[in-house]
1. Lys/Arg Cβ at +1, Asp/Glu Cβ at -1, dipole of the chain taken about the Cα centre: which of A42, A57, V87 is farthest positive-ward?
2. For Y11, what is the net charge nearby, where nearby means another residue's Cβ is under 15 Å from its Cβ and Lys, Arg count +1, Asp, Glu -1?
3. Using +1 on the beta carbon of Lys and Arg, -1 on that of Asp and Glu, and nothing else charged, what's the dipole of the chain about the Cα centre, debye to 20?
4. By how many degrees, 0 to 90 and rounded to 10, does the Cα axis of helix 4-25 deviate from the longest principal axis of the chain?
5. Would you mind telling me which residue in G71, G32, G16 has the biggest mean-square fluctuation in a Gaussian network model of the chain, where springs connect alpha carbons within a distance under 10 angstrom?
6. For the Cα atoms of the chain, what angle does the longest principal axis make with the long axis of helix 65-87, in degrees from 0 to 90, nearest 10?
7. Considering only C-alpha atoms, what is the centroid distance from the range 47-82 to the range 12-36, in Å?
8. At 4 °C and 1.567 mPa s, what whole-number value in µm²/s does Stokes-Einstein give for the translational diffusion of the chain, with Rh from the Kirkwood sum over Cα pairs?
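The values are calculated or read from the model by the stated rules, or taken from the named source; none is laboratory data. Predicted model only: the values in this text are computed from it and were never measured. Note that each Cβ is placed from the backbone with ideal geometry, even for glycine, and that neighbours are counted across all protein chains shown. Areas reflect the complete protein model, heavy atoms only, side chains present, ligands, DNA and RNA absent. Shrake-Rupley method; radii C 1.70, N 1.55, O 1.52, S 1.80 Å.
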Amino acid sequence: MPAPRIIYIGYMVVAGFAMAFASLRWPVIHDGPIPPLMWLLALSAIVDLALLNRALAGKIEPLQMNIRVIGFIAGATIYFLLRQVLVG
C-alpha cells in the first residue's frame, strides 16, 4: 500500500481537477453561496477521516499537518489554474 501522504496529495490533485471540470457544468460550484475552497476542504475532510481511521487502527502512519497543507494548496492551485484556462 502506498504511503498515506501519496494517497492524500494524489486525492487532492484529482479533486482539484474534478472540481474545475464540474464547475463548468454546474456553475454553482464556483459562483454559489459556498466558495470553491470550502468544497475542497469538505472533500479533504472525507479522505482525511478515512486515513485517520486507518491510522488509529495501526494500519498506516498518521498524516502530518504539513502534508495536509501541501495537498490542499495543490488541489486549490490546480482548481483555479485549470478553471482560468478552461473559462477564459
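1. Result: A57, furthest along the dipole toward the positive end.
2. +2
3. 120
4. It is inclined by approximately 20 degrees.
5. Of the options given, G32 has the highest mean-square fluctuation.
6. That helix lies at roughly 20 degrees to the long axis.
7. 19
8. 96
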